[in-house]
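Structure first, then comments.
The values are calculated or read from the model by the stated rules, or taken from the named source; none is laboratory data. This one's a predicted model, so the numbers in the text were calculated from it and none came from an experiment. Neighbour counts run over all protein chains shown; Cβ positions are idealised from the backbone, glycine included.
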Amino acid sequence: MKGLMMNYQLTLVHILERSVKLFNDREIVSRVLDGSLYRYTYADFYRRARLLAAALSNFGIKKGDRIGSLMWNHYIHLETYFGVPVSGGVLHTVNARLNPDDIVYIINQAEDRVLIVDNDLLPLLKEIENRLNVEKIIINTFSDISTNNYTSYEQFISYYSSYESYPLIDESDAAVICYSSGTTGLPKGVVYSHRALVLHSLAGALPDVLDVKRKDAVAPIVPMFHANAWGLPFIMTMLGCKQVYPGHHLDAANLLDLFNREKVTLAAGVPTVWINVMEEVEKDKEMYKFPDNFTVVVGGSAPSEDLLNRLMNAGCSIKHAWGMTETTPLATINSSENIIGDVAEKKKYTHLTKQGTPIPFVEIRAVNEDGVITWDGKSMGEIQVRGPWISSGYYRAKTVRWELDEGWLCTGDIATIDSNGSVKLVDRTKDLIKSGGEWISSVELENELMGHGAVKEAAVIAVEDAKWEERPLAVIVLKEGKEATAEELKEYLKPKFVSWWIPDSFVFVEKIPRTSSGKFYKKELRKNIGKYLQ
């Protein structure tokens, strides 16, 4: 016997239509290229997203065709998030921070027919244009001014004063494609279906996940080209939140001004964003502060206990999320508001460094050479996940970086899971250090070092050792005006770790190289290891 429910398709069409019917007067705010704020309503957004869909259809875009976006976080990028998929096309969000060769590779591999580019990224476009196979390039100039060689976005959508009906879209159809950053090889394309994005939005908005409400003003600082800005543009549009976009103005002073000016209640970004914001707040607490009832969503890499402590002492609530491009991306969540009982202050921050429990409909386990690990908070294994928004493969890839194991996605992250189901990442498989046959976690060393008052950033990598096979090397960035020596940092670590975990060498640098998503680029550190050890 089957249930008697309607076969209602889960597509982005529903979220777009809902937005104009229920929230047409809600505001969307963007900081644009010149630093000014541009404001319009959901009704404006809906009209322009539908016009974009009509323009693409008239250009000849067919179901499944890819349209690339090379843009920052702003209202026009939001229009592509909906206008492209409801046209039947597939939005390909191109990471503007990748190196030019990788950008050429992913645009051509995805076979983008159209590319929409921000005006300030024209120098990058001109560098790679003759290697691209796209048919049409559209420039977002935030005006109706046409350029000599391209069509302006405003001109492209202005030809159409009415919309066609939606094409027939199945919930399993592709809606968005996003490429991994390619730190261990060429970038790989993850293809999100309409169904996956709708279900991810429903789960992401739940009280014990991101807890997003219509009354919220939400600012995605995480780039819109990085794993769907963690799903926030879809969640916000579904709920009718005030949407606040920073453009490419990501310095701490601009972000704090935007948060306070627009009364932002939730903002999402990687730890490096919040490190820089906290430095600005602590520099002048009278001039710079967070708005009331402000929630920080932090993810992308593991935040240090020190950073979480500083954020909470500044009045912020914390949502610590974990996921990856392949998980759409939310997979687990931890929250300062979910700490139950009389927990000592120190333990609160330690608890929050865990990546948390799987969100609804995400299943999780960890596996090592002995099989599936026990949830005892001590046993370590590679995290594997499965669920309705977990990738089952890569676009047009002959090989995959993480193969499926009996229907589970192998993530490459090493973790423990405690008896409550809370995940704590120990390291990436490629970043674990094996010294004398024993494993050392680079992440745990990094997070402890960043708790030292003089240390701004710390990255730990393995160096070859004739006796022990590998030994840890710590690469340190000191806070402005602060000093510390290698011996001082060794002494600082000694009470926390066994002696053989302590790095033999400490190197002090002005900055640590980063990936396009803001993580420490350890591949680059390892490549230049000789320079650091001179």
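Out of all the residues in region 33-55, is one or more modelled with pLDDT of 95 or more, closer than 30 Å to GLN109 by Cβ and of a type in the set (Ser, Thr, Tyr)?
Looking for residues that are modelled with pLDDT of 95 or more, closer than 30 Å to GLN109 by Cβ and of a type in the set (Ser, Thr, Tyr), one finds none in region 33-55, hence no.
Please determine whether any residue of region 3-17 is modelled with pLDDT under 95 and closer than 21 Å to SER193 by Cα.
The first filter runs over region 3-17 and keeps only residues modelled with pLDDT under 95, leaving 7.
Going one step further and asking which of them are closer than 21 Å to SER193 by Cα, we end up with 7.
For region 3-17, residues modelled with pLDDT under 95 and closer than 21 Å to SER193 by Cα: present.
Is it true that THR265 is under 24 Å from ARG428 (Cβ atoms) and among the hydroxyl-bearing types (Ser, Thr, Tyr)?
Values: under 24 Å from ARG428 (Cβ atoms): no; among the hydroxyl-bearing types (Ser, Thr, Tyr): yes.
No.
Among the residues of region 270-311, how many are hydrophobic (A, V, I, L, M, F, W, C) and free of Cβ contacts under 8 Å to residues at least 40 places away in the same chain?
Result for region 270-311: 10.
If you scan region 217-262, which residues turn out to be more than 24 Å from ILE275 (Cβ to Cβ) and assigned to a loop (DSSP other than H, G, I, E, B)?
GLY240, CYS241
Return the residues of region 276-291 that are touching an Asp or Glu at 6+ places or on another chain (Cβ under 7 Å) and surrounded by fewer than 20 Cβ atoms within 10 Å (Cβ to Cβ); say none if nothing qualifies.
Answer for region 276-291, where residues must be touching an Asp or Glu at 6+ places or on another chain (Cβ under 7 Å) and surrounded by fewer than 20 Cβ atoms within 10 Å (Cβ to Cβ): there is none.
Output the number of residues of region 105-117 satisfying the condition of being free of Cβ contacts under 8 Å to residues at least 40 places away in the same chain and either among the acidic types (Asp, Glu) or buried (at least 22 other Cβ atoms within 10 Å of the Cβ) (or both).
1
Starting from residues that are assigned to a loop (DSSP other than H, G, I, E, B) and surrounded by fewer than 14 Cβ atoms within 10 Å (Cβ to Cβ), keep the ones in region 158-183 and report whichever is modelled with the lowest pLDDT.
Among those that are assigned to a loop (DSSP other than H, G, I, E, B) and surrounded by fewer than 14 Cβ atoms within 10 Å (Cβ to Cβ), it is SER161.
With the condition being in contact with a Gly (Cβ under 8 Å, 6 or more places away or on another chain) and surrounded by 22 or more Cβ atoms within 10 Å (Cβ to Cβ), I'd like the strands (runs of 3 or more DSSP E) fully within region 14-104 carrying at least 1 qualifying residues.
Per the criteria, 27-31, 66-70, 90-93.
Restricting attention to region 127-157, and to residues there that are part of a helix (DSSP H, G or I) and either at pLDDT 95 or above or in contact with a helix residue (DSSP H, G or I) (Cβ under 8 Å, 6 or more places away or on another chain) (or both), which single residue is farthest from ASN99 (Cα to Cα)?
Checked region 127-157; the qualifying residue farthest from ASN99 (Cα to Cα) is ILE157.
Quick check on region 315-325: of everything there that is touching a helix residue (DSSP H, G or I) at 6+ places or on another chain (Cβ under 6 Å) and either free of Cβ contacts under 8 Å to residues at least 40 places away in the same chain or aromatic (Phe, Trp, Tyr) (or both), which residue is nearest to GLY387 (Cα to Cα)?
Here the answer is HIS320.
Counting just the residues of region 347-369 that are part of a loop (DSSP other than H, G, I, E, B) and modelled with pLDDT of 90 or more, which one comes out nearest to MET312 (Cα to Cα)?
Taking the candidates together, the pick is THR353.
Can you name every residue in region 280-302 that is outside any loop (DSSP other than H, G, I, E, B) and within 22 Å of the chain's Cα centre (by Cα)? Outline the logic, then answer.
Step one: list which residues in region 280-302 are outside any loop (DSSP other than H, G, I, E, B), which gives 280-283, 295-298.
Hits for region 280-302 are THR295, VAL296, VAL297, VAL298.
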